[in-house]
Amino acid sequence: MRAVVCREYGTVEDLVIDEVPDPAPGPGQVVVKVRAAAVNYPDVLLIAGKYQIKVPPPFTPGSEMAGEVLAVGDGVDLRPGDRVSGTTFLGAFAEQAVVDAHGLTRLPDGVDYADAAAFGVTNRTAYYTLRTVAPVAPGDWVVVLGAGGGVGLAGVDIAVLMGARVIAAASGPEKLEVCRQRGAQALIDYDREDLKSRLKEITGPGGAQVVLDPVGGTYSEPALRGLGRGGRFVTLGYAAGQIPAIPLNLVMLKGITVVGMEVRTFATDYPDQIGRDDAELADLFAQGKLRPYIGARFPFEQTAAALRYVADRKAVGKVVVDIG
């Protein structure tokens, strides 16, 4: 089979497509014929050796995919031919991927492989955040930074579904127009407008209740200043490439809660909520109430270009690689 291989840490342009042995499932594992895989910013960090967890090369990146079951190991309640989607830390950018069975979900009838591949990581990140980590009530002002990206746009979708008033902050009119179409009540182009003053203008003296920040960099502090008393600031990642330093006096004076959320460790941190949140999210997907916005698709041979597109913050919503 063919697979994208990172032979050594570097840029996405250093990736190669190699012929590698077909995988075989072990106990509790499944081999999936990958039809579509989604790109996430951590894939870029892993390739560069800059992610929180380092994976020694060589490895095949990619953490989200959808396709058909080819083979199963012992103890697996799936059959060859079943349509599935799932997540795996590595291996999705390949014609076949071996995945732990607990990371797979049967696809509802009629669901497109690209939609299924693009749904999991970003929507779980946003749903866990808004349902459990920083629970949102109808009418709350929710500020979403990087609102045109995968996590950001999922945050917009879910906050709107929960009845919140969403302030979408992103760079450029194209991303903001998509946010408006998805239900954002207010828009801020934070590369052209002053984020702090616009937040105050929109929310008034009460401020916002929640900030979702998957971006970091220079945007975090003005968003923090836009929170009202008792507000919640959730840090989800640093797509801007800079981890911000937060003045703690702002946290003290407003009684703000600052909390981090990582989808990989959510089940450990919130064992009593993970089952509920996953079931609710799966139901929303099955009913068609939540679908990812796919802004770009690339053929398998252009996986490096798809990763570069995400790395350069050009993506609107999710980026998908069509593999089989």
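Within region 260-324, what whole-number % of the accessible surface is contributed by carbon and sulfur, with the 1.4 Å probe and all protein chains included in the calculation?
48
Which trypsin sites (Lys or Arg not before Pro) from region 281-316 combine a DSSP loop assignment with at most 14 other Cβ atoms within 10 Å?
In loop regions of region 281-316 (DSSP not H, G, I, E or B), the sparsely surrounded trypsin sites (Lys or Arg not before Pro) are LYS289.
Take every DSSP beta bridge with both residues inside the chain and express the antiparallel ones as a percent of the total, to the nearest 5.
55
Which whole-Hz ³J(HN,Hα) couplings does region 69-75 yield from phi under the Karplus relation 6.51 cos²θ - 1.76 cosθ + 1.60, θ = phi - 60°, glycine and proline marked x?
5, 9, 8, 10, x, 4, x
Answer with one residue from LEU250, GLY26, ILE53: the one whose Cα lies farthest towards the positive end of the charge dipole of the chain, charges on Cβ with Lys, Arg +1 and Asp, Glu -1.
Of LEU250, GLY26, ILE53, it is LEU250.
Could you pull out every residue, at least 5 positions away or on a different chain, whose amide H is within less than 5 Å of the one on GLY260? Hs are placed 1.01 Å off N in the peptide plane, and Pro or chain starts have none.
Hits under the 5 Å cutoff: THR235.
In sequence order, what are the phi-derived ³J(HN,Hα) couplings for region 211-218 according to the Karplus relation 6.51 cos²θ - 1.76 cosθ + 1.60 with θ = phi - 60°, rounded to whole Hz, with x for glycine and proline?
Going residue by residue, I get 10, 9, 10, x, 10, x, x, 7 Hz, with x marking Gly and Pro.
Quick one: 3J(HN,Hα) in Hz for region 127-136, Karplus 6.51/-1.76/1.60 with θ = phi - 60°, rounded, Gly and Pro as x.
Karplus-based 3J(HN,Hα) across region 127-136 equals 5, 4, 5, 7, 8, 10, 6, 9, x, 9 Hz.
How large is the convex hull of the Cα atoms of region 89-212 per residue, expressed in Å³ as a whole number?
Measuring per residue, one finds 138 Å³ for the Cα hull of region 89-212.
Can you list residues from other chains, or at least 5 along the same chain, whose modelled amide H is less than 5 Å from the amide H of GLN29?
Counting only residues 5 or more places away or on other chains, the set is GLY73, ASP74, ALA101.
Length gain on complete extension for the stretch THR257 to GLU174, per 0.36 nm per residue less the alpha carbon to alpha carbon distance?
Going from the current span to full extension adds 26.7 nm.
Quick check on region 226-319: what does the Kirkwood estimate of hydrodynamic radius come out to from the alpha carbon pairs, in Å?
One decimal place: 17.0 Å for the Kirkwood radius.
I want the local charge near ILE246. Using Cβ-Cβ distances under 13 Å, sum +1 for each Lys or Arg and -1 for each Asp or Glu among the other residues.
0
Please work out how much accessible surface GLU262 shows to a 1.4 Å probe, ignoring ligands, DNA and RNA, in Å² rounded to 10.
In the full protein context, GLU262 sits at about 50 Å².
Using a probe of 1.4 angstrom, how much of the accessible area of region 3-63 is carbon and sulfur, in percent?
Taking all protein chains in place, region 3-63 shows 56 percent carbon and sulfur surface.
Quick one: dipole size for the chain, taken about the Cα centre, charges +1 on Lys/Arg Cβ and -1 on Asp/Glu Cβ, in debye to the nearest 20.
1060
Restricting to DSSP H runs of at least four residues, report the calculated mean residue ellipticity at 222 nm for the chain, -39500 (n - 2.57) per run over all residues, nearest 500 deg cm²/dmol.
-8000 deg cm²/dmol
Taking the chain as a Gaussian network, where each spring joins two C-alpha atoms under 10 Å apart, which residue of VAL259, VAL30, VAL136 fluctuates the most?
Of the options given, VAL259 has the highest mean-square fluctuation.
Distance from the Cα centre of region 225-297 to that of region 9-26, in angstrom?
The distance from the Cα centre of region 225-297 to that of region 9-26 comes to 31 Å.
Rolling a 1.4 Å sphere over the protein heavy atoms, what is the accessible area per residue of the chain, to the nearest Å²?
43
Taking every pair of alpha-carbon atoms in region 68-137, give the share separated by more than 19 Å as a whole percent.
41
Can you match percent of Cα pairs over 24 Å apart to one of these, (1) 53; (2) 57; (3) 68, based on a calculation from the structure here?
(1)
At a 1.4 Å probe radius, carbon and sulfur cover how many percent of the accessible area of region 146-188?
49
For Cα pairs less than 8 Å apart in space and 6+ apart in sequence, what is the mean separation divided by the residue count of region 120-212, i.e. the relative contact order in percent?
Over region 120-212, the number comes to 29 percent.
The values are calculated or read from the model by the stated rules, or taken from the named source; none is laboratory data. Owing to the predicted nature of the structure, the values given are computational and were not obtained by experimental measurement. In this analysis, Cβ positions are derived from the backbone assuming ideal geometry, glycine residues included, and neighbour counts consider all displayed protein chains. All accessible areas refer to the heavy atoms of the entire protein, side chains included, with ligands and DNA or RNA removed. Shrake-Rupley method; radii C 1.70, N 1.55, O 1.52, S 1.80 Å.
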